[in-house]
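The values are calculated or read from the model by the stated rules, or taken from the named source; none is laboratory data. Only a predicted model underlies this, so the values are computations on that prediction, with no experimental measurement involved. Cβ: placed from backbone, ideal geometry, glycine included. Neighbour counts: every protein chain shown.
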Amino acid sequence: MKGFKIATVSMFCCSCVFAQQQDTVKNIMQVLDSVTLHSYIYLNAPKPLPASQGTYLFSGKKTEVINLLQIPADVTSKTGRQVFAKIPGIFVYDMDGTGNQVNIAARGLDPHRGWEFNIRKDGIITNSDMYGYPASHYSMPFESIERIELVRGTGSLQYGAQFGGMLNYISKQGDSSRAFSFESINTAGSFNLLSSYNAIGGKINKFRYYAYIQKKSRDGYRDNEHTTSEAEGIVLSYDFNKNFSVRAEWARSTYLYRIPGPLTDSMFYADPKQATRSRNYFSPDIHIPSVTINWQLGSKTKLQFTSSAVLGARSSVQFDKPTNIRDSINTTTLQYNNRQVDIDRFNSYTNELRLLQQYVLGKQTSQLSAGVQYMNNDLHRTQLGKGSTGSDYDLTLVAPGWGRDVHLKTTNIALFAENKFQLMRNLSVNLGARIEMGQTDMSGTITYYPGNAIPVSIKHHFPLLGVNFSYKAPGNMELYGGWSQSYHPMLFKDLIPASLYEKVDPAIKDAKGYNAEFGLRGNWKFLRWDVTGFLLQYKNRFGTLAETDNEGAFYTYRTNIGNSLTSGAEIFLQADWILHKAIGLSVFTSTAFTHARYTSGNVKAGNVNSNINGNKVESSPDFITRNGATIRYKILSYSVLYSYTGATFADALNTVAPLKTTGAVGLVPAYGIVDMNVSVRFSKSIELKANINNVTNKQYFTKRPTFYPGPGVWSSDGRNVSVTLMLRM
């Protein structure tokens, strides 16, 4: 382990053991097959994925691994700026309640539920419908996650075509050195936060298991805000022999979020905790079953087959009106007005067969990763139902029928192959291709839309190419880079007109473009770094235009509005020192400069179209930086984190002055947040953590959404505290 000066071996402990104990370490490792190495040098620094892992090739790509077992973060609340603190350029969108879901993006992309990423759990796709609504409504407890693997967009040919890349959550496996182990993580905090996560796991001969259950409730920072959530999961694996194993997994997550409603700017600055709604609710209930077969066909051949599904629904009942329309008692009926009921039902199935083959070319060993992926999705969207006048969570319709009742069915097959040519011992080049072939068919009824405008059929035929390289330079350094094509299919919201006065372009196209990057990563003595420059082209972006028909009647037209280009630099630096015997100090900066601009395009501005060439892309800050320090002394660890996010615009017109009536457009001001974390590890079985989030009680918001959870200002959390007790036996 070149570059590491102090190491320990422990399942749960970071005690100081000096270098002369390394012989003992080797002996222990021969007995246990679950071993974690800890070090003060490069403390909790993200590291790249290996050149190959399983049936994937990661050589020459921008990759990062976050170890959730070690980072100083509020894991229970999934505080994104802390979890992804050391990943440069991650934009975190606080949307619908702390701890419910993670909404992130990078390189100027849209952070809504992470839908620009191919999001996986243990390699299993969790995006609800990759072609209809690729948001990830599945929300696993982070207490169940061991590490997070992030691969940027240049690696997309092997797993998907997403601009953002792949985000893979790797679950805990349980203690493989014994038949039974138990873990309990319990958290209490501000706003009546109570969370309990309990898990069991172990290994009996060739059989291994891990199962967990979590329950959580929290009132929220704002008035009328409340969340109750629960999650369960079980993983069973059996090694028939050293070359063949089967893994079966099932996971579920659900939560009920009482939505406090959007604010105008004047309301936010008067009291960011106030609410405009008390009868609005949102609840996803998602199941992820899967089976994975791993087969080592020979010393140089690996085969993997995965069959998985995303099943469940996202449901909401809301008084869905702009901020300036109060949800009050109707003077005629002496009751509240009827709410709107929307239910999306997901039926997404994926089968994937992957092969990794090593072979000798010249004097070097090269590798080929190839496979086929088949998807069959049916998204059934029922919306605009007439709901009750009550105040509780009630999806009952008081009148039969839906304003929109449509199916979006997609079948898609993708063939992919990527070859790593090992040209020299320290130089490799990857060439890859992916071919997407599929069709999406929309059928059903929209009450306000002509029946002959539906059904709609869209074909997806995309050949995608990519190239990467890796050069291992002397002194623990690596030069890497690549270029890869990506595309983003038209989503349900791009195909369904919002009203009678909106039309959809019958020739609307999928968005497409590419990612390119060049980086240098490595370490020298006490310093570790990863510096990357990138380009991201996004063509055929979706939006609306103002049009008139032959009779002069005005309507809005959903179509491809233009192209954008994002360039920038991502910088990660970390320095670690041993100050005096058992005292370790670590400091880091994780900073990104992003220049996301429209290179062409027009959008609707009132009843006319305005040119947006040169305008900033929405929700893309020019500057994001997170800087922190951690000091450890024996069993005590203290960390502080400062996060700064630059200002952004809510619309492509780059409107500065906020819309006074709703707050739906306008500048989103820059903000800086300070967080603190303290942990005390009493023994290998007991650890206590305390988090103080937003120490200075900064009042801020991160985005002005254009659709769910409602156009306007959404206050982010002020100062809050949580305490976590972890027991492992």
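Find the residue count for the range 709-729, including only residues that are in a strand (DSSP E or B) and surrounded by fewer than 16 Cβ atoms within 10 Å (Cβ to Cβ). Steps first, please.
Going residue by residue through the range 709-729, those that are in a strand (DSSP E or B) are 713, 720-728.
Next, from what is left, pick out any that are surrounded by fewer than 16 Cβ atoms within 10 Å (Cβ to Cβ): 723, 725, 727.
Number of matching residues: 3.
Among the residues of the range 517-538, which ones are under 23 Å from A105 (Cβ atoms) and surrounded by fewer than 19 Cβ atoms within 10 Å (Cβ to Cβ)? Can you show your working first?
Our first condition is that a residue be under 23 Å from A105 (Cβ atoms); within the range 517-538, this holds for 517-519, 521, 530-538.
Correct list: F518, V531, G533, L535, Q537.
Step by step: first the residues of the range 541-568, then only those that are at pLDDT 95 or above and closer than 30 Å to T440 by Cβ, then the one that is surrounded by the most Cβ atoms within 10 Å (Cβ to Cβ). Which residue is that? Walk me through how you get there before you give the answer.
Of the residues in the range 541-568, the ones at pLDDT 95 or above are 563-568.
Right, trim to closer than 30 Å to T440 by Cβ and you get 563-566.
Numbers: N563: 18, S564: 25, L565: 18, T566: 22.
Residue satisfying both the conditions and the ranking: S564.
Determine which member of the set I635, I624, I686, I631 is surrounded by 20 or more Cβ atoms within 10 Å (Cβ to Cβ) and aliphatic (A, V, I, L, M). Working first, answer last.
Details: I635 fails: surrounded by 20 or more Cβ atoms within 10 Å (Cβ to Cβ); I686 fails: surrounded by 20 or more Cβ atoms within 10 Å (Cβ to Cβ); I631 fails: surrounded by 20 or more Cβ atoms within 10 Å (Cβ to Cβ).
None of the other options fit; the residue is I624.
On the given criteria, is G646 closer than 24 Å to E116 by Cα and at pLDDT 95 or above?
Judged against the criteria, G646 is a match.
Out of the range 155-191, which residues are closer than 30 Å to R719 by Cα and either in contact with a His (Cβ under 7 Å, 6 or more places away or on another chain) or of a type in the set (V, I, T) (or both)?
Within the range 155-191, I185, T187 meet the criteria.
What pairs come up if the first residue lies in the range 206-230 and is over 30 Å from K242 (Cα atoms) and touching a residue at least 60 places away in the same chain (Cβ under 8 Å), the second is β-branched (V, I, T) and assigned to a strand (DSSP E or B), and their beta carbons are under 7 Å apart, counting only those six or more places apart or on different chains?
Here the result reads R218/T227; G220/T227; S229/T254, each pair linking the range 206-230 to a residue that is β-branched (V, I, T) and assigned to a strand (DSSP E or B).
Taking the stated definitions as given, is N550 part of a strand (DSSP E or B) and in the same structural domain as T440 (by TED's automatic domain parsing)? Before the answer, list the steps.
On the way: part of a strand (DSSP E or B): no; in the same structural domain as T440 (by TED's automatic domain parsing): yes.
So N550 fails the test.
How many residues are in contact with a strand residue (DSSP E or B) (Cβ under 6 Å, 6 or more places away or on another chain) and of a type outside the set (G, A, S) when one looks only at the range 83-117?
Restricting attention to the range 83-117, the residues satisfying the condition of being in contact with a strand residue (DSSP E or B) (Cβ under 6 Å, 6 or more places away or on another chain) are 85-92, 96-97, 100, 104-105, 107-108, 111, 114, 116-117.
Restricting the remaining residues to those that are of a type outside the set (G, A, S) gives 86-88, 90-92, 96, 100, 104, 107, 111, 116-117.
Looking only at that region, the number is 13.
Considering only residues that are modelled with pLDDT of 95 or more and surrounded by fewer than 15 Cβ atoms within 10 Å (Cβ to Cβ), look in the range 351-363 and name the one that is nearest to I435 (Cα to Cα).
This residue is Y359.
Looking at F346 and the list (1) closer than 30 Å to T440 by Cβ; (2) surrounded by fewer than 17 Cβ atoms within 10 Å (Cβ to Cβ), which single condition is not satisfied?
F346 satisfies every listed condition except (2).
So which of V102, V65, V83 ends up being out of contact with any His (no Cβ under 8 Å at 6 or more places or on another chain), of a type in the set (A, V, I, L, M, F, W, C) and at pLDDT below 95? So that I can check it myself, show each step before the final result.
Numbers: V65 fails: at pLDDT below 95; V83 fails: at pLDDT below 95.
It is V102.
(1) part of a loop (DSSP other than H, G, I, E, B); (2) touching a helix residue (DSSP H, G or I) at 6+ places or on another chain (Cβ under 8 Å): which one isn't true of A657, the others all being true?
Single failed check for A657: (2).
With modelled with pLDDT of 95 or more and not in a strand (DSSP E or B) as the only criterion, which of K689, K698 stands out?
On the way: K689 fails: not in a strand (DSSP E or B).
After ruling out the rest, the residue left standing is K698.
Regarding T706, is this residue touching a strand residue (DSSP E or B) at 6+ places or on another chain (Cβ under 7 Å), surrounded by fewer than 21 Cβ atoms within 10 Å (Cβ to Cβ) and outside any strand (DSSP E or B)? Reasoning before the result, please.
Numbers: touching a strand residue (DSSP E or B) at 6+ places or on another chain (Cβ under 7 Å): no; surrounded by fewer than 21 Cβ atoms within 10 Å (Cβ to Cβ): yes; outside any strand (DSSP E or B): yes.
In short, no.
What are the pairs, 6+ residues apart or on separate chains, where a residue within the range 570-590 that is assigned to a loop (DSSP other than H, G, I, E, B) has its Cβ under 9 Å from a residue that is buried (at least 18 other Cβ atoms within 10 Å of the Cβ) and modelled with pLDDT of 90 or more?
Taking only residues 6 or more apart or on different chains, the pairs are A582/R632.
Which residue pairs have Cβ atoms under 7 Å apart, sit 6 or more places apart or on different chains, and have a first residue in the range 410-430 that is within 30 Å of T440 (Cα to Cα) and a second that is among the aromatic types (F, W, Y) and at pLDDT below 95?
T410/Y131; N412/Y131
Take the range 659-700 and flag every residue that is within 25 Å of K321 (Cα to Cα) and either aromatic (F, W, Y) or in contact with a Leu (Cβ under 7 Å, 6 or more places away or on another chain) (or both).
If the condition is that a residue be within 25 Å of K321 (Cα to Cα) and either aromatic (F, W, Y) or in contact with a Leu (Cβ under 7 Å, 6 or more places away or on another chain) (or both), then G663, V665, G666, Y700 are the ones that fit.
Is it the case, given these coordinates, that R247 is assigned to a strand (DSSP E or B), touching a strand residue (DSSP E or B) at 6+ places or on another chain (Cβ under 9 Å), among the basic types (K, R) and under 21 Å from A313 (Cβ atoms)? Walk me through it before giving the result.
Numbers: assigned to a strand (DSSP E or B): yes; touching a strand residue (DSSP E or B) at 6+ places or on another chain (Cβ under 9 Å): yes; among the basic types (K, R): yes; under 21 Å from A313 (Cβ atoms): no.
Spelling it out, it is not the case that R247 is assigned to a strand (DSSP E or B), touching a strand residue (DSSP E or B) at 6+ places or on another chain (Cβ under 9 Å), among the basic types (K, R) and under 21 Å from A313 (Cβ atoms).
Considering every residue within the range 468-477, establish whether at least one is at pLDDT below 90, surrounded by fewer than 18 Cβ atoms within 10 Å (Cβ to Cβ) and either part of a strand (DSSP E or B) or in contact with a strand residue (DSSP E or B) (Cβ under 9 Å, 6 or more places away or on another chain) (or both).
Yes, the range 468-477 contains a residue that is at pLDDT below 90, surrounded by fewer than 18 Cβ atoms within 10 Å (Cβ to Cβ) and either part of a strand (DSSP E or B) or in contact with a strand residue (DSSP E or B) (Cβ under 9 Å, 6 or more places away or on another chain) (or both).
Just checking, does the range 600-610 include any residue being in a strand (DSSP E or B), touching a Pro at 6+ places or on another chain (Cβ under 7 Å) and in contact (Cβ under 8 Å) with a residue 24 or more places away in the chain?
Initial filter on the range 600-610 (in a strand (DSSP E or B)): 600-605, 608-610.
Of the ones still in play, those that are also touching a Pro at 6+ places or on another chain (Cβ under 7 Å) are none.
No: the range 600-610 contains no residue that is in a strand (DSSP E or B), touching a Pro at 6+ places or on another chain (Cβ under 7 Å) and in contact (Cβ under 8 Å) with a residue 24 or more places away in the chain.
Inside the range 681-705, can you point out the residues that are aromatic (F, W, Y), over 16 Å from P621 (Cβ atoms) and without any contact (Cβ under 8 Å) to a residue 40 or more places away in the chain?
Initial filter on the range 681-705 (aromatic (F, W, Y)): 682, 700-701.
Applying the additional criterion that residues be over 16 Å from P621 (Cβ atoms) yields 682.
Listed by number, the list is empty, since nothing qualifies.
Could you say which residue among S307, S388 is assigned to a loop (DSSP other than H, G, I, E, B) and of a type in the set (S, T, Y)?
Working: S307 fails: assigned to a loop (DSSP other than H, G, I, E, B).
Matching residue, one of S307, S388: S388.
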